[in-house]
Amino acid sequence: MKIRYLTLWIFTCALLICVYVLLKREPVLMCVGILIVVGISFKISYEVMASFRRSVEERAKSILEETKKIQNMRSEFVANASHELKTPLTSISGFIETLQSGAVEDEETRNKFINIMAEETDRLKRLINDILVLSDVENTEANVEEEINVKEVVERITEVLKPILEEKGVSIFNEVSASIKLNGSLDRFKQMMLNLIENGIKYNEINGHVWIDGVENDSELRISVKDDGIGIGEKDLSRITERFYRVDKSRSNLVDGTGLGLSIVKHAAADFNGNLIINSKVGEGSEFIIVIPQNIKTL
């Protein structure tokens with residue numbers, strides 16, 4: 001841009017010189033002036049075209065890099081999904097072959113195998129469901145505008161999760177004000193809150209606690225899900241929302257998760273123009289905060 005302005009300034013000066021020469025009616029000076037104007041005109045055209053070409057090349061390079069990034073992400077997702085799907089299928093297939101061969105005659109052992117197969121089937125169903133939900137959240141824009149009562153949604157989710165709450169003895173405290181409401185997709189909001197609350201229960205200690213709160217001001221709404229569970233290490237915090245990312249094995253072995261929950265949360269939050277903030281320390285619990293710009297309706 002600086003070169004373009006400089007050449008334009010030179011062209012203006014040359015034009016003024018030509019006007020001066022024409023007024024003086026000197027043939028030699030007139031020819032020189034015309035040559036200067038023509039030369040600078042070519043120079044300006046060249047600079048403009050060169051600048052345009054560079055702009056197009058940079059844009060094309062940027063698009064190519066973005067395309068490669070998307071392709072790599074897709075390839076990585078397919079590879080991870082294939083691995084995650086193959087693991088329970090291999091386990092189920094192995095137990096079926098063993099049972100079909102008649103090698104297991106003990107009824108207790110057979111029942112044990114059948115129970116393991118049922119668990120692996122449930123794991124497979126959860127994984128497929130999470131993949132479908134993530135695909136929907138990532139690729140489909142939520143155009144439905146509904147009034148969402150945050151406290152009521154949390155209450156319904158708590159009822160749905162009652163079996164695992166009772167199993168672990170975890171207590172939930174719904175501290176969201178009944179007055180807090182927002183507009184958006186109810187399904188997306190439920191997906192987001194279900195994953196956060198379920199994580200708060202699963203990655204908690206026996207007889208642990210989960211607190212859900214909502215705070216609003218003139219600019220934003222903050223919905224937090226806090227637990228006093230096992231926590232997340234600092235090295236994992238920056239990657240915890242990646243698809244299929246698992247933290248250290250000791251944590252992963254405690255809970256049979258799909259590795260997609262927080263990725264779903266992150267993308268669902270984006271539908272509300274919001275973002276996810278995670279605060280956590282190992283052994284001190286975790287806090288997940290959804291920050292949504294203030295398009296909130298408080299009744």
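The values are calculated or read from the model by the stated rules, or taken from the named source; none is laboratory data. Computed from a predicted structure; not experimentally measured. With ideal geometry, Cβ positions are generated from the backbone for all residues, glycine too; neighbour counts draw on all protein chains shown.
Among the residues of the stretch 224-234, those that are modelled with pLDDT under 90 and either hydrophobic (A, V, I, L, M, F, W, C) or outside any loop (DSSP other than H, G, I, E, B) (or both) comprise Ile230, Ile232, Glu234. Looking across the stretch 253-299 at every residue that is over 17 Å from Lys190 (Cβ atoms) and basic (Lys, Arg), the one that is modelled with the lowest pLDDT is identified as Lys297.
Return yes or no: is Ile157 touching an Asp or Glu at 6+ places or on another chain (Cβ under 9 Å), closer than 30 Å to Ser177 by Cα and modelled with pLDDT of 80 or more? So Ile157 fits the description; yes. Whenever a residue of the stretch 176-201 is not assigned by TED's automatic domain parsing to the domain that holds Arg126, its partners that are modelled with pLDDT under 90 and among the aromatic types (Phe, Trp, Tyr), lying with C-beta atoms within less than 7 angstrom and at least six residues away or across chains, give the pairs Gly184/Phe272. So Gln100 passes all but one of these: (1) under 14 Å from Phe244 (Cα atoms); (2) modelled with pLDDT of 75 or more; (3) surrounded by fewer than 11 Cβ atoms within 10 Å (Cβ to Cβ). Which condition number does it fail? Exception for Gln100: condition (1). The residues of the stretch 234-245 that are of a type outside the set (Ser, Thr, Tyr) and surrounded by 15 or more Cβ atoms within 10 Å (Cβ to Cβ), listed by number, are Asp236, Leu237, Ile240, Glu242, Arg243, Phe244.
This table checks each residue for (1) among the basic types (Lys, Arg); (2) closer than 19 Å to Ile278 by Cα; (3) in a loop (DSSP other than H, G, I, E, B).
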residue: Ile148; (1), (2), (3): no, no, no
residue: Val153; (1), (2), (3): no, no, no
residue: Ile164; (1), (2), (3): no, no, no
residue: Phe173; (1), (2), (3): no, no, no
residue: Lys181; (1), (2), (3): yes, no, no
residue: Met193; (1), (2), (3): no, yes, no
residue: Val215; (1), (2), (3): no, yes, no
residue: Arg222; (1), (2), (3): yes, yes, no
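For the stretch 85-127, a residue qualifies if it is of a type in the set (Asp, Glu) and in a loop (DSSP other than H, G, I, E, B), and the qualifying residues are Glu105, Asp106.
Table: residues versus (1) within 25 Å of Ala268 (Cα to Cα); (2) aromatic (Phe, Trp, Tyr); (3) loosely packed, with under 14 Cβ neighbours inside 10 Å.
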residue	(1), (2), (3)
Val104	no, no, no
Asp122	yes, no, yes
Leu132	yes, no, yes
Leu165	yes, no, no
Ile206	no, no, yes
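Determine whether Val215 is surrounded by fewer than 15 Cβ atoms within 10 Å (Cβ to Cβ) and at pLDDT 85 or above. Considered against the rule, which asks whether it is surrounded by fewer than 15 Cβ atoms within 10 Å (Cβ to Cβ) and at pLDDT 85 or above, Val215 comes out as yes. In this structure, Asn149 qualifies as over 23 Å from Leu260 (Cα atoms), touching a strand residue (DSSP E or B) at 6+ places or on another chain (Cβ under 7 Å) and polar (S, T, N, Q).
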